[in-house]
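Enquirer: Please see the structure below; I have some questions.
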Amino acid sequence: MLLATLNAQLGTSALIIGLTASIFGVCAQVIGVRRHDPKTIAQGTRFAFFVFGAAVMAFAVMERALITRDFSLSYVQKVGARTTPALYNVTAIWTSLEGSILLWLVILGGYTAAVAYRFRTRRTDPLVGWAMAVLYIISAFFFVLTLFPANPFKLAGSIKDGVGPNPLLQNHILVLFHPPMLYLGYVGMSVPFAFAIAALITGRVGEGWLMETRRWTLFAWGFLTIGILLGGWWSYEVLGWGGVWGWDPVENASFLPWLTGTAYIHSVMVQERRGMLRVWNLSLLVATFSLTILGTFLTRSGVLASVHSFSESGIGPYLLAFFGLVVFASLALIAWRGDRLRSPGSMDSPISREGAFLANNVIFGLFAFIILLGTVYPLLVEAIQNRKIVVGSPYFDQLGKPIGIALLFMMAIAPALPWRKASSEVLSKRLFWPAWGGVVAMAVALFVGADGITPIIAYGLAGFAAAAAIRQLVLASRRQGIRGFLGRANGGMIVHLGVILVAVGLVSSNSYSRQQTFDIKANSTVTFSGHTFTYTGIEKFDQAQRFGTKALISVDGHIYAPATTTYKSVGQTVPTPSVKTGLTEDIYLVLEDPKPASAADPIRLTVAIKPMIAWLWIGGLTMAFGTVLAAFPGKRRRRGTEPASAPIVERIPASPAEPAKPANPVPLEPVGADV
Amino acid sequence: MKKILTGWPGWLLLFAAVASLLIISYQRSSKPLTADQRTQSIAERIACPVCDGESVAESRAPAARDIRADIAKYVNDGQLSDEQIITKIDDASVQDLRLTPNGSGIDLLVWFLPAVAFAGAVAGLTMAFLKWRRPIPDHGPTDDDREVVAAAMRNGDGETNDGFSDGR
Amino acid sequence: MSDLDDHFDVESPHDLDLDLDGAYSSSGNTPSKRRLAPFVALAIAVVMIGLFVLLAGSKTRQNAETSLTPLLGKPAPQFQSPMLAGGTFDLAAQRGNVVILNFFTSNCVPCIAEQPELVKFANAETVKVGGAKLVSVMFDDSPDAVTKFFTSTGGAWPVLNDKGLPSNYGVAQVPETFVIDVNGIVKYHTISQMTAACLSSMAVSAQDLNSLQFDPLPGCGQ
């Protein structure tokens, strides 16, 4: 009997160790920092490794329970089955709520330990101390979740088999990559948030903490980007409707922190360069982190209907309370420190790099607002009028289109804008050739048969923006050689190119997809959009966990096999589309019901031609690559404080006898930008 | 030569090119939709009655398939407008199947609030720039400043700064 | 001035391991002494409190198995549908009887598992006076397969072949069961396998002529 409950006991103890370590960590950090006691702080930092170790152990125990099919655990009964293939049995851990919180904990523990290790020589710095304390509070909260409302190690009755993961989650290899990537991004936003809070508490809102977290933010942002795109890819390959994005609450929940995070990555440059926008940047970080919590609440508490709500539980009130705590504590801190955060600088002209970043922030902020509004709007109407309404993709598409166009426009002109002020002469010179790039893109699009005003404008702006990015890369590499691709400004341009590829892919696939459903008799051929589809036969398969039928379709001579698959334990039938991927268009085949009983029966086949879908994945890869480049230091490392990034510091006189002069209303000349 | 090209004549040429390309694309886009495209575009605007958050176009549920077939029938009849078809299907169901809220009553807010937010943001930015445009009067150091500097000097290296010495 | 100038944006000179400059607290050297931040924070706080209240007050949707249908507690949508064996079935004619509406397909695994329980229940009810009427509705299936399925499992109750019925009742997944009481009100709905025992207890509760409230029945707590 002991053996049967071993996993439960091991797992629960790991969680209790983790919670204890987190609580001790908070106490040690706070006491140590307040009393200037390096010993206590050193102790406090060490707890990070306990937190990480405990989370890893809990995760490993759960994996062990899944692999050994230990059905004494209710979670294994929920997501495990004797017939699930090994790979999907391993990924089953994050297919439901309790296990995904374990994944969250492992990643959060990893980040906490990484921060503790990275800043080990500076742990007595109050900024680092408070940041660690915040991270411990967050992990304590998640340990509480796993111990109470979402305990994965609960014991259950004597069932000897389960139903396995949701069929949609054991149908494609992407379930192995998408959740960890997304969580690396989602959870990674805790680190800059922790430093932001620490900066507010210590009052050290100089640019120091930004430097500390710059790469952490980029890292998290990069993974969030990849995670979101992999989610789109999964939906494209698995769901069978041929789309990558459906504006579902779960998708919106991952997109919201991405939007505010992207806004932050841009506007933080204004702060580093000019010392301005401090409150704004802090707020963006707070918003990013609290949106990850809010998103988890919206999708996990069951208040919203979503295709993706694979699991629901009593976790809602906890998440909502934590969201409230985060928001109100941060707001109180900002209100308390806010006026001291105000920077003395001023912007000379809206037509400048910093003006462009501000506009970018407004657009991203507005986009985030619209998505949040649309997502929670049905709740509002239900609360007021007790009437159910749906706010779906047409709403988001309609409002998203002008925003996308505006962002492409900003991306086209911003790289050409100098800091502080742009003369029309400089602008005209810098924008001229990129603008022709846009004209060429429009002409090419029209030449290959595109139509419609909106897509053509989008292509034009995409070409313009791409040319602007390439122009900067060419100029930079001409001067600096290979280093011209490194650093935020230049790596960022490669990220822009990735965004443009994604945008072009989205515009093309949304505007020019065509599809038709055919009833095809055995060995006959249909033609659609210049391709021939011959139905050559069926192939039935019957495996331990599922059975199904594949239809063999010869597409222009190559065999593709869309299938329908029925999962035995839940009796659910899911489509398995077959996709012929190409650079200019994908051919997407879905076998519809009724499925053929024998090769003599006709089949019903939906054929969709999806232009340029592959550009999304290539664009995603480019964005990831650009993020890595952007994380490298761009120019030679320089020591000390540069006036460009820390103008205020420069103004503090050396002796207290001579009081500080007010910061110069016209800040110092930024380095490197001749205006 | 290059100067002339990139000067105003060049830009004029560019705008002319853009304008003519846009005119071409406008003329091309006035083609009517095919029946399939029209069915698809209507299906994208109707919620599948039995699914969680999917449109009729996305869902593979039989109910969604039936509604798609209904839409195709109405489209082929050619009697009703898109909006009429949606109304007809929406009325036939006990649930609200419109994926975009109607422009009436409280539902209007979902369209109105983004516009308000946009206007607010633009107004805020304009005000900020107007404020920045004004020269900042020189008040001399405030008490706060002195306090901060004193604190900074006391704990020169920041190592012992407990984070509250310069707070209120 | 060179065209190149601006393109070499100064990367921030600080690297992670360089000395910290954050030790200096920047002064809030604002030209005016207006304290704006608390007000902005207050405004945001008000919006957030609104959001918070909204979310805290919103009803949690039940899990799929007992998922609420808009029909619960309302009159069941009327229908006159063709039966597989011939003839039509009119729901209105069943007023005064408890009707159990079971949506199924012959190849869905849980439906196959449920069928013996339904057979047991149906056999028990036919013996009773005024027993509940069990009616199955084909969901996306072929008449041949269903006839074969019913012959092999020994089911003898009416099976309806009406393509529109599942959409009218908002059926997404099978097996799905609705319990309609003597007054024609939908009293219970589930998307999961039912047992004969559970159905019997439901039938008894739905029999109660005096229950004029539209309260749904509790589940069987399996």
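The values are calculated or read from the model by the stated rules, or taken from the named source; none is laboratory data. Only a predicted model underlies this, so the values are computations on that prediction, with no experimental measurement involved. Note that each Cβ is placed from the backbone with ideal geometry, even for glycine, and that neighbours are counted across all protein chains shown.
Enquirer: Counting just the residues of the stretch A:383-408 that are touching a residue at least 12 places away in the same chain (Cβ under 8 Å) and either touching a strand residue (DSSP E or B) at 6+ places or on another chain (Cβ under 8 Å) or among the basic types (Lys, Arg) (or both), which one comes out farthest from the other protein chains (Cβ to nearest Cβ)? Before you say what the answer is, go through the steps one by one.
Expert: Our first condition is that a residue be touching a residue at least 12 places away in the same chain (Cβ under 8 Å); within the stretch A:383-408, this holds for A:389-393, A:395-397, A:399-401, A:403-408.
Then keep just the ones that are either touching a strand residue (DSSP E or B) at 6+ places or on another chain (Cβ under 8 Å) or among the basic types (Lys, Arg) (or both); that gives A:389-390, A:392-393, A:401.
Working: A:Ile389: 5, A:Val390: 5, A:Gly392: 3, A:Ser393: 6, A:Lys401: 13 Å.
Within the stretch A:383-408, the match that is farthest from the other protein chains (Cβ to nearest Cβ) is A:Lys401.
Enquirer: Further, regarding this structure: Name the single residue that is nearest to A:Phe323 (Cα to Cα) among those in the stretch A:112-134 being of a type in the set (A, V, I, L, M, F, W, C) and in contact with a Gly (Cβ under 8 Å, 6 or more places away or on another chain). It would help to see each step written out before you state the result.
Expert: In the first step, residues of the stretch A:112-134 are kept if they are of a type in the set (A, V, I, L, M, F, W, C); the result is A:113-116, A:119, A:127-128, A:130-134.
Checking which are in contact with a Gly (Cβ under 8 Å, 6 or more places away or on another chain) leaves us with A:127, A:130, A:132-133.
On the way: A:Leu127: 23, A:Trp130: 20, A:Met132: 19, A:Ala133: 18 Å.
The selected residue is A:Ala133.
Enquirer: Go through the stretch A:552-580 residue by residue and tally those that are at positive phi and of a type in the set (D, E, K, R).
Expert: Step one: list which residues in the stretch A:552-580 are at positive phi, which gives A:556-557, A:571.
Subsequent filtering for residues that are of a type in the set (D, E, K, R) retains A:556.
The number of residues fulfilling the criteria is 1.
Enquirer: Report yes if A:Arg471 is over 30 Å from B:Ser25 (Cα atoms) and charged (D, E, K, R), otherwise no. Break it down stepwise before answering.
Expert: On the way: over 30 Å from B:Ser25 (Cα atoms): no; charged (D, E, K, R): yes.
Criteria not met by A:Arg471.
Enquirer: If you don't mind, there's one more thing I want to ask. Mind listing whichever residues of the stretch C:73-83 are assigned to a loop (DSSP other than H, G, I, E, B), surrounded by fewer than 19 Cβ atoms within 10 Å (Cβ to Cβ) and in contact (Cβ under 8 Å) with a residue 40 or more places away in the chain?
Expert: From the stretch C:73-83, those assigned to a loop (DSSP other than H, G, I, E, B) are C:73-74, C:76-79; that's our starting set.
So of that shortlist, the ones also surrounded by fewer than 19 Cβ atoms within 10 Å (Cβ to Cβ) come out as C:73-74, C:77-79.
Across the stretch C:73-83, the qualifying residues are C:Gly73, C:Lys74, C:Pro77, C:Phe79.
Enquirer: Inspect all residues belonging to the stretch A:146-168 and state whether any of them is under 27 Å from the mean Cα position of the chain (by Cα), closer than 30 Å to A:Gly548 by Cα and in a helix (DSSP H, G or I).
Expert: yes
Enquirer: Let me ask something else about it. Could you please find all residues in the stretch B:38-54 being at pLDDT below 85 and within 23 Å of the chain's Cα centre (by Cα)?
Expert: So in the stretch B:38-54, the residues at pLDDT below 85 come out as B:48-54.
B:Gly53, B:Glu54 - these are the residues of the stretch B:38-54 that are at pLDDT below 85 and within 23 Å of the chain's Cα centre (by Cα).
Enquirer: Return a yes/no flag: does the stretch B:81-92 have any residue that is within 10 Å of another protein chain (Cβ to nearest Cβ) and under 30 Å from A:Ile384 (Cα atoms).
Expert: Scanning the stretch B:81-92, I find at least one residue that is within 10 Å of another protein chain (Cβ to nearest Cβ) and under 30 Å from A:Ile384 (Cα atoms), so the answer is yes.
Yes/no matrix, rows are residues, columns are (1) out of contact with any Asp or Glu (no Cβ under 9 Å at 6 or more places or on another chain); (2) among the acidic types (Asp, Glu); (3) under 30 Å from B:Val50 (Cα atoms):
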| site | (1), (2), (3) |
| --- | --- |
| A:Ala359 | yes, no, no |
| A:Ile370 | yes, no, yes |
| A:Leu407 | yes, no, no |
| A:Leu417 | no, no, no |
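Enquirer: Starting from residues that are without any contact (Cβ under 8 Å) to a residue 40 or more places away in the chain and among the polar types (S, T, N, Q), keep the ones in the stretch A:424-468 and report whichever is farthest from the other protein chains (Cβ to nearest Cβ).
Expert: In this case the residue turns out to be A:Ser424.
Enquirer: Does B:Thr87 satisfy the condition of being among the hydroxyl-bearing types (Ser, Thr, Tyr) and under 23 Å from A:Gly400 (Cβ atoms)? Lay out the reasoning, then the answer.
Expert: Numbers: among the hydroxyl-bearing types (Ser, Thr, Tyr): yes; under 23 Å from A:Gly400 (Cβ atoms): no.
Answer is no for this residue.
Enquirer: I'd like to check something: does the stretch C:54-70 contain any residue that is modelled with pLDDT under 80 and under 28 Å from A:Thr202 (Cα atoms)?
Expert: No, there is no match, as no residue in the stretch C:54-70 is modelled with pLDDT under 80 and under 28 Å from A:Thr202 (Cα atoms).
Enquirer: Here's another thing I want to ask about it. Working carefully through the options A:Leu380, A:Leu372, find the one that is free of Cβ contacts under 8 Å to residues at least 12 places away in the same chain and at the interface with chain C (Cβ under 9 Å from one of its Cβ atoms).
Expert: A:Leu380
Enquirer: Moving to a separate point now. Would you point out which residue out of A:Gly620, A:Gly582, A:Gly626 is within 30 Å of A:Phe485 (Cα to Cα) and surrounded by fewer than 20 Cβ atoms within 10 Å (Cβ to Cβ)?
Expert: Working: A:Gly620 fails: surrounded by fewer than 20 Cβ atoms within 10 Å (Cβ to Cβ); A:Gly626 fails: surrounded by fewer than 20 Cβ atoms within 10 Å (Cβ to Cβ).
Unique residue meeting the criteria: A:Gly582.
Enquirer: Being out of contact with any helix residue (DSSP H, G or I) (no Cβ under 6 Å at 6 or more places or on another chain) and among the β-branched types (Val, Ile, Thr) narrows it down to one of A:Ile137, A:Ile173, A:Ile159, so name that one. Show your work before the answer.
Expert: Numbers: A:Ile137 fails: out of contact with any helix residue (DSSP H, G or I) (no Cβ under 6 Å at 6 or more places or on another chain); A:Ile159 fails: out of contact with any helix residue (DSSP H, G or I) (no Cβ under 6 Å at 6 or more places or on another chain).
The unique qualifying residue is A:Ile173.
Enquirer: Being within 14 Å of chain C (Cβ to nearest Cβ) and of a type in the set (A, V, I, L, M) is the filter; apply it to the stretch A:562-603 and report the residue that is farthest from C:Ser106 (Cα to Cα).
Expert: In this case the residue turns out to be A:Val574.
Enquirer: Name the residues in the stretch A:92-144 that are part of a loop (DSSP other than H, G, I, E, B) and either of a type outside the set (Phe, Trp, Tyr) or surrounded by 24 or more Cβ atoms within 10 Å (Cβ to Cβ) (or both), would you?
Expert: Narrowing the stretch A:92-144 to residues part of a loop (DSSP other than H, G, I, E, B): A:95-96, A:119, A:123-125.
Across the stretch A:92-144, the qualifying residues are A:Thr95, A:Ser96, A:Arg123, A:Thr124, A:Asp125.
Enquirer: Could I ask something else about it? Here are A:Ser554, A:Ser569: which of them is small (Gly, Ala, Ser) and without any contact (Cβ under 8 Å) to a residue 40 or more places away in the chain? Full working, then the answer.
Expert: Working: A:Ser569 fails: without any contact (Cβ under 8 Å) to a residue 40 or more places away in the chain.
Testing whether each residue is small (Gly, Ala, Ser) and without any contact (Cβ under 8 Å) to a residue 40 or more places away in the chain leaves just A:Ser554.
Enquirer: Still on this model: What residue, among those in the stretch B:45-61 that are of a type in the set (A, V, I, L, M) and in a strand (DSSP E or B), is nearest to the other protein chains (Cβ to nearest Cβ)?
Expert: Pass one, the stretch B:45-61, residues of a type in the set (A, V, I, L, M): B:46-47, B:50, B:56-57, B:61.
If we keep only those that are in a strand (DSSP E or B) too, we end up with B:46-47.
Working: B:Ile46: 9, B:Ala47: 5 Å.
My answer is B:Ala47.
Enquirer: Which one of these does C:Asn161 not meet: (1) more than 22 Å from the chain's Cα centre (by Cα); (2) away from chain B (no Cβ under 14 Å); (3) modelled with pLDDT of 80 or more?
Expert: That leaves (2) as the condition not met.
Enquirer: Quick check: is even one residue across the stretch A:223-239 in contact with a Phe, Trp or Tyr (Cβ under 6 Å, 6 or more places away or on another chain) and within 14 Å of chain C (Cβ to nearest Cβ)?
Expert: No.
Enquirer: Given (1) in a helix (DSSP H, G or I); (2) surrounded by fewer than 21 Cβ atoms within 10 Å (Cβ to Cβ), identify the lone condition not met by A:Gly338.
Expert: A:Gly338 satisfies every listed condition except (2).
Enquirer: While we're here: Could you look through the stretch B:30-44, keep only residues that are part of a helix (DSSP H, G or I), of a type outside the set (A, V, I, L, M, F, W, C) and buried (at least 17 other Cβ atoms within 10 Å of the Cβ), and pick out the one that is nearest to the other protein chains (Cβ to nearest Cβ)?
Expert: Of the stretch B:30-44, the ones part of a helix (DSSP H, G or I) are B:35-43.
Next, only the ones that are of a type outside the set (A, V, I, L, M, F, W, C) stay: B:36-41.
Retained after the next criterion (residues that are buried (at least 17 other Cβ atoms within 10 Å of the Cβ)): B:38-40.
Working: B:Arg38: 12, B:Thr39: 10, B:Gln40: 7 Å.
The extreme case among them is B:Gln40.
Enquirer: Regarding A:Asp125, is this residue of a type outside the set (Lys, Arg) and without any contact (Cβ under 8 Å) to a residue 12 or more places away in the chain? Spell out the reasoning first.
Expert: Working: of a type outside the set (Lys, Arg): yes; without any contact (Cβ under 8 Å) to a residue 12 or more places away in the chain: yes.
Here the answer is yes, as A:Asp125 does meet what is asked.
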